[in-house]
Amino acid sequence: MSDVFFVTGGAGFIGSNLVHHILETRPDARVVVYDALTYAGNLDNLEGVIDGKRCTFVEGDICNRARVLETLELERPRYVFHLAAESHVDRSIDGPGAFVQTNIVGTFEMLEASRAFAANLSNDDRGAFRFIHVSTDEVYGSLGTEGLFSETTPYAPNSPYAASKASSDHLTRAYHHTYGLPTVTTNCSNNYGPYQFPEKLIPLCLLNALEGKRLPVYGDGRNVRDWLFVGDHCEALLVAAERGTVGETYNIGSNNERTTLEMVHAICDELDSIRPRASGSYRDQIAFVTDRPGHDRRYAIDATKLERELGWRARTPFVQGMQTTVAWYLAHADWCERISNGVYRRERLGL
């Protein structure tokens, strides 16, 4: 079986970064991008790489099992990376039904299609096949001021988004234990970097700052997240796929806790340095707004298992990651304009 990578959600934020990373680091690999191109999926994220040879695009819904299976049988991937998901907590508060459909039903259909595909492989090819389910640390709920999420932390999801991802994790586990599907699950902390849809904190604040708009900070701004540069995450996903133990779960984090307010300050300070306002600081635009319902206070990942067993550790220092991220958005103003094309105009969600 040749190294064909099948990436659902490959036109989204993490998915497109993974596609770029595979093509850059695996010269003999071929990538099949499978994406429904909903509001957060955009082929602009894959500009210059879809060539019909090393990288092929298939427009399709993960809830369409027949379409998925047809594509799997045609492309014959060794690795299925399942990243397609509704992923924004605020949107899950406004419309949880889409999260149930995509994240739970869609994962079920992906697992069924992958099970049918694997069943018809030769023994050697079946042994090499992997289904990598990409999930989130939000399934674990909220931490206090101390402690870290590990792979054995009990699930306690607090938002419709987190609950839908927890359900998809459980389905993936069940398909390994019941049917022998060779799965690997990863749970990552908050990602940041290029190609992130501007409903998320960093691109939202960055673009608002440049336009002189307020920078909304929920509640008191002291909610803590472990921030992971997306390039490091993509490296970890490949390590987990290629060297991870079938049936296992690996947490992916960078030991880089920051409050929301600290993140917004970092954005403002970087902009003050490289594109200063006519007067004052971008920090002057910060506005505290009503918190989201059920806002988890703190997440933090223990990635010791991934480091100990597979030798992976995040390599991007926070300052470098922020500089890279801010510089990318400043250099891609046209991308920002195209992706905010009327479907989403950076309005407040999740009230």
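Derivation of every value follows stated rules applied to the coordinates shown; laboratory data play no part. It should be emphasised that the depicted structure is a prediction, and the values quoted were computed from it without experimental measurement. Cβ: placed from backbone, ideal geometry, glycine included. Neighbour counts: every protein chain shown.
Each of Arg308 and Phe288 was given a label point 7 Å from its Cα along the Cα-to-Cβ line. The distance between the two points is 4.1 nm.
Largest GNM mean-square fluctuation across Gly219, Gly321, Gly41, computed for the chain with C-alpha springs under 10 Å, falls on Gly219. Short-range pairs are left out: with C-alpha atoms under 8 Å and at least six residues apart, the relative contact order of the chain is 18 percent. For the peptides 144-154, 169-179, the ranking by packing is 169-179, 144-154, with the highest mean count of neighbouring Cβ atoms within 10 Å listed first. Above 21 Å, the calculated P(r) of segment 81-166 contains 43 percent of its Cα-Cα pairs. Within the chain, DSSP assigns beta bridges of which about 10% are antiparallel (rounded to the nearest 5). Between the amide H of Val184 and those of Phe131, Ile132, His133, Gly247, distances stay under 5 Å, these residues lying 5 or more places away or on another chain, with hydrogens modeled in the peptide plane.
Please work out the FRET efficiency for the pair Tyr155 and Arg277, using the Cβ-Cβ distance as r and a Förster radius of 35 Å; give the result to the nearest 0.05. Don't skip to the answer; put the middle values down first.
Values: r = 44 Å, r/R0 = 1.27.
It comes to 0.20.
Normalising the average separation of contacting C-alpha pairs (under 8 angstrom, six or more residues apart) by the number of residues puts the relative contact order of segment 94-180 at 40 percent.
Quick check: residue separation of Leu37 and His332 times 0.36 nm, minus the Cα distance between them. What number comes out in nm?
Separation in residues times 0.36 nm, less the Cα-Cα distance, equals 104.2 nm.
Mean separation of Cα pairs under 8 Å and 6 or more residues apart, divided by the residue count, gives segment 4-143 a relative contact order of 26 percent.
Between beta-carbons, use under 11 Å as the cut-off and find the net charge around Pro157, counting Lys and Arg +1, Asp and Glu -1.
Values: positive: Lys165; negative: Asp137, Glu138, Asp169, Asp296.
Every neighbour counted, the sum reads -3.
Dipole magnitude for the chain: computed about the Cα centre from +1 point charges on Lys and Arg Cβ and -1 point charges on Asp and Glu Cβ, it is near 180 debye.
Order these peptides, 57-64, 290-297, by their mean beta-carbon neighbour count within 10 angstrom, highest first. Please report the intermediate quantities before stating the final value.
On the way: 57-64: 18.2, 290-297: 14.6.
Descending mean neighbour count gives 57-64, 290-297.
Annotation for segment 197-250: GluC sites (Glu not before Pro) lying in DSSP loop with at most 15 further Cβ atoms inside 10 Å of their Cβ are Glu211. Each label point was placed 7 Å from the Cα along the Cα-to-Cβ direction; for Glu73 and Asp125 their separation is 1.2 nm. The distance separating the Cα centre of segment 103-162 from that of segment 179-204 comes to 12 Å. Counted by Cβ distance under 14 Å from Arg315, the other residues give a net charge of -2, where Lys and Arg count +1 and Asp and Glu count -1. Each residue of segment 269-278 is assigned a 3J(HN,Hα), and the resulting list reads 5, 5, 5, 4, 6, 10, 8, x, 5, 4 Hz, derived from the Karplus form 6.51 cos²θ - 1.76 cosθ + 1.60 (θ = phi - 60°), x at Gly and Pro. Adding -39500 (n - 2.57) for every DSSP H run of four residues or longer, then dividing by how many residues the chain holds, sets the calculated 222 nm ellipticity at -12000 deg cm²/dmol. Among Val80, Val184, Val217, whose mean-square fluctuation peaks in a Gaussian network model of the chain (Cα, cutoff 10 Å)? Taking springs between Cα atoms under 10 Å, the residue moving most is Val217.
Of the peptides 66-72, 16-22, 330-336, 188-194, how do they stack up when ordered by the mean number of other Cβ atoms within 10 Å, highest first? Walk me through the numbers before you get to the answer.
Values: 66-72: 18.4, 16-22: 24.6, 330-336: 13.1, 188-194: 23.0.
Top to bottom by mean Cβ count within 10 Å: 16-22, 188-194, 66-72, 330-336.
Computed over the chain, the range of Cα coordinates on each principal axis works out to 67, 44, 38 Å, biggest value leading.
Net charge within 11 Å of Asp269 by Cβ-Cβ distance, Lys/Arg positive one each and Asp/Glu negative one each, not counting Asp269 itself? Overall, the nearby charge balance is -2.
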